[in-house]
1. State in Å² the accessible area per residue of the chain; use a 1.4 Å probe, count heavy atoms of protein chains only, and round to the nearest integer.
2. Counting only C-alpha contacts under 8 Å and six or more residues apart, can you give the relative contact order of the chain as a whole percent?
3. Label region 30-168 by shape, choosing from rounded, prolate and oblate, from the square roots a ≥ b ≥ c of the eigenvalues of the Cα gyration tensor; if a/c is under 1.5 it is rounded, and otherwise prolate applies when a/b is larger than b/c, oblate when it is not.
4. So in the chain, what percent of DSSP beta bridges are antiparallel if you round to the nearest 5?
5. List the DSSP H helices in the chain whose Cα atoms stretch 18 Å or more along the helix axis and whose mean Kyte-Doolittle hydropathy is at least 0.0.
6. Please state the shape class of region 60-106: rounded when a/c is under 1.5, otherwise prolate if a/b exceeds b/c and oblate if not, all from the C-alpha gyration tensor.
7. Could you give the dipole magnitude of region 61-141 about its Cα centre, charging the beta-carbon of Lys and Arg +1 and that of Asp and Glu -1, in debye to the nearest 20?
8. On the accessible surface of the chain, probed at 1.4 Å, how many percent belong to carbon and sulfur atoms?
Amino acid sequence: RTEWMWRMPWPAALTRLLTREFTRLINIAPLLNHNHAGVSGILYTVASASTDNFFRFQNNAQLLERAVPEIYGMTNIADRVALNIVDALIGQYEGQQRSRLHHASTPNELRFSQDPVALDMLSFLELNRARAAAGVPLVTNLTELYLNARLMELGTDEPGRIEILRLD
């Protein structure tokens, strides 16, 4: 099946696999900022990878904050997610997809949860902590996406309601 998948355009292949072939999905996302979504996290990566022409949402924060939770919340996707993982070994708080190690921090963590919104919110807060430590202005206006995701009952965006268990 791998050979068949790579012959199709990537978003179409992933969407077809998600809706017809896969019964469970494990999503892994880096700790990386996004200028309109806050983080290129769990919600964003699944939504962007499973949609043709995602560029129409990419550069418009108002469209993105509604589209990402709606795409992720589709029953063929959200119901199949078994585990979400955030690779927070190194986090980049500026630069989006461009590699900028001078705008990076090292939380040195791997985060696991079934709640994609909680992981994205923790990533958003971690990137703001790194910005504060570097003297870079904080991002405070990009939380509408996570509020919309909570309203769709995809998870919680309230830091006080997120239970964190640390393993050494």
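The values are calculated or read from the model by the stated rules, or taken from the named source; none is laboratory data. Note that this is a predicted model, so its numbers are computed, not measured. Note that each Cβ is placed from the backbone with ideal geometry, even for glycine, and that neighbours are counted across all protein chains shown. Remember, those area values only see protein heavy atoms, side chains included, never the ligands or the DNA or RNA. Shrake-Rupley method; radii C 1.70, N 1.55, O 1.52, S 1.80 Å.
1. So the chain comes to 57 Å² accessible per residue, rounded to a whole number.
2. Normalised by residue count, the contact order of the chain is 24 percent.
3. It comes out oblate by the Cα gyration axes.
4. Roughly 55 percent of the beta bridges in the chain run antiparallel, per DSSP.
5. 116-134
6. In terms of gyration-tensor shape, oblate.
7. 260 debye
8. 53 percent
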